[in-house]
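The values are calculated or read from the model by the stated rules, or taken from the named source; none is laboratory data. Computed from a predicted structure; not experimentally measured. Using ideal geometry, Cβ is built from the backbone for each residue, glycine included, and neighbour counts are taken over all protein chains shown. Ligands, DNA and RNA are stripped out before the accessible areas are found, and what is left, the full protein with its side chains, is counted by its heavy atoms. Shrake-Rupley method; radii C 1.70, N 1.55, O 1.52, S 1.80 Å.
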Amino acid sequence: MEQFALEVEDLVMHFGPVRAVDGVTLRVRQGSVVALVGESGSGKSTVGRCIVRLLEPTGGTIRLADADVTHLNRRQLRPHRRDVSIVFQDPAGSLDPRLSVGDIVGEPLRLMRRKDIPAKVSEALRRVGLRPEVANRSPHELSGGQRQRVSIARALISEPRLLVADEPTSALDVSVQAAVLNLLADLQRDLGFACLFITHDLSAVEYLADEVAVMYLGQLVEQGPRARIFGVPAHPYTQALLSAAPVPDPAEQRARKPVLLGDDLPSAIDPPSGCRFHTRCPVAVDKCRTVVPESRVIGEGGHQVACHLVSDDGTGPDVRTVEGATP
Ligand SMILES: Nc1ncnc2c1ncn2[C@@H]1O[C@H](COP(=O)(O)OP(=O)(O)OP(=O)(O)O)[C@@H](O)[C@H]1O
Ligand SMILES: [Mg+2]
């Protein structure tokens, strides 16, 4: 039987009238990395916060290593502490300035009443490239990159099966982003934890992820193996996202024409009828305005897409070559 570190089924998270997450189904295999991508406001962080149960979902189920944690209270969640950790975007906001780095990193172990905490803290700091003496410092004495290393050390000290990394490098100076990303990749390979990697950075996705899930206005529009998402993206929204991503080759970059999506993301309070992407989709037809597209498998590795215009073998329009979609 396949082992999953995380199984999310039909997850719904509404904040009053705001339908931040509206039916997300996704799985992360033990030891694998799934990237969750999509523009600002699409609901990625809300998915992450539900998974680590900082939020109690409005609907659906969350299973961590086969245990249903969807509605457990604080006390009931205690035995599942080792199943998941989270690293946030902003290390300054997520580290308590009144505590020393050593206290911050060791806290998960104290909550689990473990022994030999100082030695384990030293080891956790070493693993993220910090010297043991940093344990005595305050987080505000550290640089942004060092602070994010501290949050990573804290998240991994309990040896979780799953790490939710919510844009772990996007608040950092560009000059240190690559180092922190490399560190995460090395740790993932060496320690073997599964990871839900939330990001805007498609080059990081290509480098780190085994699978990719693309989110649009509270729902997944496409998911599948990284090579398929980058090689044969089927959903017009995925194609548009990829067309806007920078590529390393300057000549290719100059020849690139990003697909223009026009308006901003529609409101999550009153999402468009039918396919939620139809208001910005360059190839939408009448059916897209009225009928909600079901997600279905269109190719190997469980490649799934929710689009009326894609046929069962994965063929369909490519908005990157549609007249009028690019400048
Ligand atoms: N606590 C909350 N109360 C009300 N609305 C919320 C709350 N948290 C998030 N939202 C709304 O839910 C939607 C999804 O937000 P979320 O932060 O999950 O998006 P995101 O994809 O992580 O965006 P970003 O890329 O900017 O981080 C947005 O419309 C946001 O305003
Ligand atoms: Mg977010």
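Name the single residue, out of those in region 1-60 being part of a loop (DSSP other than H, G, I, E, B), of a type in the set (D, E, K, R) and more than 8 Å from ligand 1 (Cβ to nearest atom), that is surrounded by the most Cβ atoms within 10 Å (Cβ to Cβ).
Pass one, region 1-60, residues part of a loop (DSSP other than H, G, I, E, B): 1-3, 16-17, 30-32, 38-43, 52-58.
If we keep only those that are of a type in the set (D, E, K, R) as well, we get 2, 39, 53, 56.
Going one step further and asking which of them are more than 8 Å from ligand 1 (Cβ to nearest atom), we end up with 2, 53, 56.
Working: E2: 7, R53: 21, E56: 12.
Applying the filter and picking the extreme gives R53.
For region 132-147, indicate whether the set of residues that are more than 16 Å from ligand 2 (Cβ to nearest atom), outside any loop (DSSP other than H, G, I, E, B), closer than 25 Å to A20 by Cα and in the same structural domain as H200 (by TED's automatic domain parsing) is non-empty. Break it down stepwise before answering.
The initial filter retains those residues of region 132-147 that are more than 16 Å from ligand 2 (Cβ to nearest atom), namely 132-147.
When the remaining residues are screened for being outside any loop (DSSP other than H, G, I, E, B), the result is 132-136, 139-141, 144-147.
Next, from what is left, pick out any that are closer than 25 Å to A20 by Cα: none.
Checked against the condition, which is being more than 16 Å from ligand 2 (Cβ to nearest atom), outside any loop (DSSP other than H, G, I, E, B), closer than 25 Å to A20 by Cα and in the same structural domain as H200 (by TED's automatic domain parsing), region 132-147 yields no hits at all.
Test of understanding: among V292, V283, which residue is farther than 21 Å from A244 by Cβ, in a loop (DSSP other than H, G, I, E, B) and among the hydrophobic types (A, V, I, L, M, F, W, C)? Give the steps one after another, and end with the answer.
Details: V283 fails: farther than 21 Å from A244 by Cβ.
The unique qualifying residue is V292.
Quick check, is L99 assigned to a helix (DSSP H, G or I), among the hydrophobic types (A, V, I, L, M, F, W, C), away from ligand 1 (no atom under 16 Å from the Cβ) and assigned by TED's automatic domain parsing to the domain that holds T199? Write out each step before concluding.
Details: assigned to a helix (DSSP H, G or I): no; among the hydrophobic types (A, V, I, L, M, F, W, C): yes; away from ligand 1 (no atom under 16 Å from the Cβ): yes; assigned by TED's automatic domain parsing to the domain that holds T199: yes.
No: the conditions fail for L99.
Based on this model, can you work out whether S295 counts as surrounded by fewer than 16 Cβ atoms within 10 Å (Cβ to Cβ) and not assigned by TED's automatic domain parsing to the domain that holds S40?
Values: surrounded by fewer than 16 Cβ atoms within 10 Å (Cβ to Cβ): no; not assigned by TED's automatic domain parsing to the domain that holds S40: yes.
Here the answer is no, as S295 does not meet what is asked.
Output the residues belonging to region 188-201 that are within 17 Å of the chain's Cα centre (by Cα) and open to solvent by less than 60 Å² (accessible area, probe 1.4 Å).
Within region 188-201, the subset within 17 Å of the chain's Cα centre (by Cα) is 188, 193-201.
Answer for region 188-201, where residues must be within 17 Å of the chain's Cα centre (by Cα) and open to solvent by less than 60 Å² (accessible area, probe 1.4 Å): Q188, F193, A194, C195, L196, F197, I198, T199, D201.
So which of V101, V37 is modelled with pLDDT of 95 or more and in contact with a His (Cβ under 8 Å, 6 or more places away or on another chain)? Spell out the reasoning first.
Details: V101 fails: in contact with a His (Cβ under 8 Å, 6 or more places away or on another chain).
Result: V37 is the single residue among V101, V37 that is modelled with pLDDT of 95 or more and in contact with a His (Cβ under 8 Å, 6 or more places away or on another chain).
Which number in (1) open to solvent by less than 20 Å² (accessible area, probe 1.4 Å); (2) among the β-branched types (V, I, T); (3) not in a helix (DSSP H, G or I) marks the one condition that I86 misses?
(1)
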